[in-house]
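Below: the structure, in structure tokens.
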Amino acid sequence: MTRLDLDALADGAVLAGPDGTVTAVNVVAARFLGTDPEEAVGRRLGQVLALRDQDGRDWCTVNHPYDGLRTRTAIPEQSWLLPDGTEVLVVARIHRPALDRPVERVAVSLRSGRGRARLDRERSDLVATVAHELRSPLTGVKGFVQALLNRWDKLSDDQKKLMLTTVSADSDRLSRLIAELLDVARIDTGRLQLYPRPSDPAMLARRVVDSVGASTSRLLVLEAAATVPEVLVDPDKYTQVVTNLVENAVRHGSGTVRIRIEPVPGPDPATGVRLVVEDEGDGIPPELRRRVFTKFWKGGATGGSGLGLYLVNGLVDAHGGTVTIGDTEVGGARITVVLPVEPPS
């Protein structure tokens with residue numbers, strides 16, 4: 001591989017010969033290591049790799065690329081620090097003509113640690129989000145159960161019923177959050193399973209409106225066209241889509257929340273069904289409309305897991321549909337879901 005080929009690589013690359021002398025350094029590695037590619041050639045590998053671990057040890061001292069077992073062909077990815085404290089991920093290949101021969105070449109690859117740091121932050125965000133979302137209903141469940149245990153004989157039947165109803169609602173909230181987290185993991189790994197069957201989208205939406213409406217003072221209005229074709233969907237996942245959209249409108253919008261179910265206009269009314277959820281809030285600015293479907297996106301300070309619209313997008317896409325965001329006539333947000341009557345196999 002020529003120097004020009006090495007410079008075309010996205011990662012940093014350092015090559016050393018059988019005696020531990022550097023034979024090539026590409027521009028990415030030179031930038032990481034704070035050296036000149038031409039000046040690095042001919043120097044010892046340990047001198048060029050200006051990397052330290054948390055204990056101040058250098059890469060060559062820790063990994064001994066030219067020693068060790070004859071069967072060793074690679075050094076797994078490790079986190080190392082550059083002189084300025086920046087983290088890089090380092091992996092190496094050890095080349096031998098044969099297992100009974102000495103090392104002929106060592107190829108070291110360096111990559112910025114920002115990607116892993118971002119993944120670590122996402123995991124931390126997930127843990128923090130889950131802990132926060134689980135804590136609230138768990139606190140309610142524990143408090144009411146403890147009150148029932150301690151004061152059972154002193155509570156009236158109406159008080160007991162109210163406490164048990166609250167415990168049941170909080171338990172449902174916990175179950176739903178766990179289901180959402182599982183669906184997020186399945187969407188991320190491409191293992192989401194659907195169990196579609198012909199379903200009445202208006203009837204499923206009515207159940208959602210009745211359920212959400214019972215827990216909010218906001219006015220929810222469902223408008224269904226006279227004739228709405230059945231759609232081949234997983235009813236549980238479709239219900240989750242409608243629930244997330246309606247709850248999102250209740251949480252982040254204001255005024256009346258309108259839900260509309262209608263066939264997709266066209267020569268054949270059975271080609272698809274459109275679900276529209278509108279609120280009377282401030283809407284979603286155009287520059288944010290691509291971000292709202294990412295994990296942990298939250299609009300304002302009204303809480304939520306930040307997973308609702310991410311799940312909506314993933315579930316609708318799995319059914320072969322589309323999700324778009326627009327504005328209402330009064331400036332609120334309008335989220336439109338279009339699902340085909342029969343999704344592609």
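When residue 245 is tested against (1) more than 18 Å from residue 203 (Cβ to Cβ); (2) at pLDDT 90 or above; (3) buried (at least 19 other Cβ atoms within 10 Å of the Cβ), only condition (1) is not met. Within segment 182-213, being in a loop (DSSP other than H, G, I, E, B) and within 17 Å of residue 244 (Cβ to Cβ) holds for 192, 194.
For segment 84-118, a tally of residues being in a strand (DSSP E or B) and either at pLDDT below 90 or within 18 Å of residue 34 (Cα to Cα) (or both) returns 9.
Scanning segment 203-224 for residues that are within 23 Å of residue 263 (Cβ to Cβ) and of a type in the set (A, V, I, L, M) gives 203, 204, 205, 208, 209, 220, 221, 222, 224. Of everything in segment 142-199, what is among the β-branched types (Val, Ile, Thr) and surrounded by 14 or more Cβ atoms within 10 Å (Cβ to Cβ)? Give them in sequence order. Answer for segment 142-199, where residues must be among the β-branched types (Val, Ile, Thr) and surrounded by 14 or more Cβ atoms within 10 Å (Cβ to Cβ): 166, 167, 184, 187. Just one of the listed residues (177, 148) is over 29 Å from the mean Cα position of the chain (by Cα) and not assigned by TED's automatic domain parsing to the domain that holds residue 312, and it is 148. Residues being over 19 Å from residue 7 (Cβ atoms), of a type in the set (Asp, Glu) and under 36 Å from the mean Cα position of the chain (by Cα) are entirely absent from segment 62-74.
Residue pairs whose Cβ atoms lie under 8 Å apart, separated by 6 or more positions or on different chains, with the first residue in segment 20-44 and on the phi > 0 side of the Ramachandran plot and the second part of a loop (DSSP other than H, G, I, E, B) and among the hydroxyl-bearing types (Ser, Thr, Tyr), are 20/66.
Of all the listed residues (108, 28, 90), the sole one being within 30 Å of residue 295 (Cα to Cα), surrounded by 13 or more Cβ atoms within 10 Å (Cβ to Cβ) and touching a Leu at 6+ places or on another chain (Cβ under 8 Å) is 90. Inside segment 198-213, residues that are over 28 Å from the mean Cα position of the chain (by Cα) and either without any contact (Cβ under 8 Å) to a residue 40 or more places away in the chain or not assigned by TED's automatic domain parsing to the domain that holds residue 251 (or both) make up a count of 8.
The residue that is surrounded by the fewest Cβ atoms within 10 Å (Cβ to Cβ), counting only those in segment 57-83 that are part of a loop (DSSP other than H, G, I, E, B) and in contact (Cβ under 8 Å) with a residue 12 or more places away in the chain, is 71. Restricting attention to segment 40-56, which residues are in contact with a Ser or Thr (Cβ under 9 Å, 6 or more places away or on another chain), at pLDDT 90 or above and assigned to a loop (DSSP other than H, G, I, E, B)? Selection gives 41, 42, 43.
The values are calculated or read from the model by the stated rules, or taken from the named source; none is laboratory data. Worth saying up front: this structure is predicted, and the values here are computed from it rather than measured. Cβ sites come from the backbone with ideal geometry, for glycine too, and all protein chains shown count toward neighbours.
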